[in-house]
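Down below is the structure, laid out as structure tokens.
The values are calculated or read from the model by the stated rules, or taken from the named source; none is laboratory data. For clarity, every value in this text was computed on a predicted model and none was experimentally measured. Don't worry about glycine lacking a Cβ; one is built from the backbone with ideal geometry, like all the others, and counts go over all protein chains shown.
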Amino acid sequence: FEGMTIVELAKRTGESLSSLQDILLNVGEKVESEFDPLSIDIAELVAMELGVNVRRRHSDEGAKLLARPPVVTVMGHVDHGKTSLLDALRQTSLVEKEAGGITQHLGAFVVSMPSGSSITFLDTPGHAAFSAMRARGAAVTDIVVLVVAADDGVMPQTQEAMSHATLAKVPVVVAINKCDKPAADPEQVKLQLASEGLLLEEMGGDVQVVEVSAVKKTGLDRLEEALLLQAELMDLKARIDGPAQAYVVEARLDRGRGPLATAIVKAGTLVCGQYVVVGSEWGRIRALRDMVGKMTDRATPAMPIEIEGLKGLPMAGDDIVVVDSEERARMLSTGRTRKSEKDRLRKISEGRTEAEESSE
Ligand code: GDP
Ligand code: MG
């Protein structure tokens with residue numbers, strides 16, 4: 001609805017002009033003229049009141065797009081080595097080496113390569129996190145690393161991970177892990193994957209497979225190269241200028257610093273001091289910290305960043321939008337809270353109706 005006037009909005013939604021004016025009044029907005037275009041914040045509020053789901057997308061038209069690092073999630077069957085692999089990858093990071101291994105836990109980390117390229121890894125392996133994020137509309141992951149243990153092969157959660165990736169239309173790079181084990185049989189694993197429908201590169205498809213050992217730390221550089229190659233094929237670009245659009249990947253409450261959210265910027269630049277609405281919470285960014293805990297005044301696409309200054313605790317997958325003022329931030333946050341409460345009640349009552357019907 002952004003940029004529409006209230007008259008156009010009435011026409012589009014079939015609502016009467018006076019009921020729209022009531023809504024605007026309700027959300028505390030005075031419309032000077034029927035011919036003033038609505039701002040995106042107001043448009044979102046009106047849409048919420050009308051029960052329409054909106055998702056903000058800033059136009060990238062005419063904006064300068066720059067290559068950005070890929071954001072990678074590690075998935076696979078339990079005990080196949082997801083956590084070990086993430087730990088091993090984290091240790092390959094230049095930043096990690098420079099910081100002497102002292103990085104703060106952010107829920108995401110960046111591996112910087114000598115070539116200057118970098119890869120952002122989400123630190124929460126697992127399907128629940130991936131699904132939860134996707135359910136909230138957060139398309140954070142660009143590539144899935146599918147970890148399969150060379151001595152165990154394709155298992156139920158391997159198949160589950162593959163179907164998650166397929167549904168999300170996210171390409172997969174396979175890491176056959178535990179190749180150091182005597183019982184390792186990577187060729188057998190490849191055959192299994194192929195029979196599951198994965199089109200492996202060495203069989204004429206485009207899914208790369210890398211043999212690694214998280215424990216012996218072998219094959220990690222080849223895995224990173226494979227991820228960069230995949231990213232190159234995808235031609236990942238983002239707008240750098242303009243208001244940030246970002247997603248929460250993790251949130252926690254710190255005794256001294258209050259609610260802290262780790263976020264990854266999708267587009268634009270997040271700047272310290274800005275007012276933000278995060279899911280149904282809001283705040284003014286008091287501090288931004290990078291993965292070694294260093295204060296920074298801005299964050300660009302694919303950079304994990306810790307945000308301090310929120311009034312409440314957001315959830316993983318919540319979107320972060322930048323607004324002009326505290327008033328706007330409060331208003332949107334209240335509107336979203338009211339809407340999610342309404343949705344929750346509606347779900348409960350629908351559930352009850354269904355239960356009642358089925359018991360009849
Ligand atoms: P997750 O459940 O997928 O996160 O798996 P973990 O990372 O917790 O690993 C499960 C077990 O496999 C642990 O005992 C690890 O030490 C072991 N493991 C992980 N990677 C390797 C590897 O490359 N080689 C060997 N031999 N063991 C591994
Ligand atoms: Mg684990």
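Within the stretch 279-289, the residues that satisfy the criterion of being part of a strand (DSSP E or B) and either in contact with a Phe, Trp or Tyr (Cβ under 6 Å, 6 or more places away or on another chain) or small (Gly, Ala, Ser) (or both) are Gly283, Arg284, Ala287.
Here Gly242, Gly268 are screened, and the one residue that is surrounded by 21 or more Cβ atoms within 10 Å (Cβ to Cβ) and in contact (Cβ under 8 Å) with a residue 24 or more places away in the chain is Gly268. For the stretch 149-166, which residues satisfy the criterion of being in a helix (DSSP H, G or I) and touching a residue at least 12 places away in the same chain (Cβ under 8 Å)? Scanning the stretch 149-166 gives Pro156, Gln157, Thr158, Gln159, Glu160, Ala161, Met162, His164, Ala165.
In the list Val276, Val292, which residue meets the criterion of being among the β-branched types (Val, Ile, Thr) and part of a loop (DSSP other than H, G, I, E, B)? One residue alone meets the criteria, Val292.
Restricting attention to the stretch 146-169, the residues that are buried (at least 20 other Cβ atoms within 10 Å of the Cβ), of a type in the set (Val, Ile, Thr) and more than 16 Å from ligand 2 (Cβ to nearest atom) add up to 1.
Looking at this structure, is Thr141 surrounded by 15 or more Cβ atoms within 10 Å (Cβ to Cβ) and within 30 Å of Val322 (Cα to Cα)? Here the answer is yes, as Thr141 does meet what is asked. Kindly indicate whether any position in the stretch 71-89 is more than 16 Å from ligand 1 (Cβ to nearest atom) and either modelled with pLDDT under 95 or not acidic (Asp, Glu) (or both). Checking the stretch 71-89: at least one residue is more than 16 Å from ligand 1 (Cβ to nearest atom) and either modelled with pLDDT under 95 or not acidic (Asp, Glu) (or both).
In the set Thr92, Thr103, only one residue is among the β-branched types (Val, Ile, Thr) and modelled with pLDDT of 65 or more; that residue is Thr92. When we screen Val207, Val212, Val172 for residues that are more than 13 Å from Gly76 (Cβ to Cβ) and modelled with pLDDT of 95 or more, the only hit is Val207.
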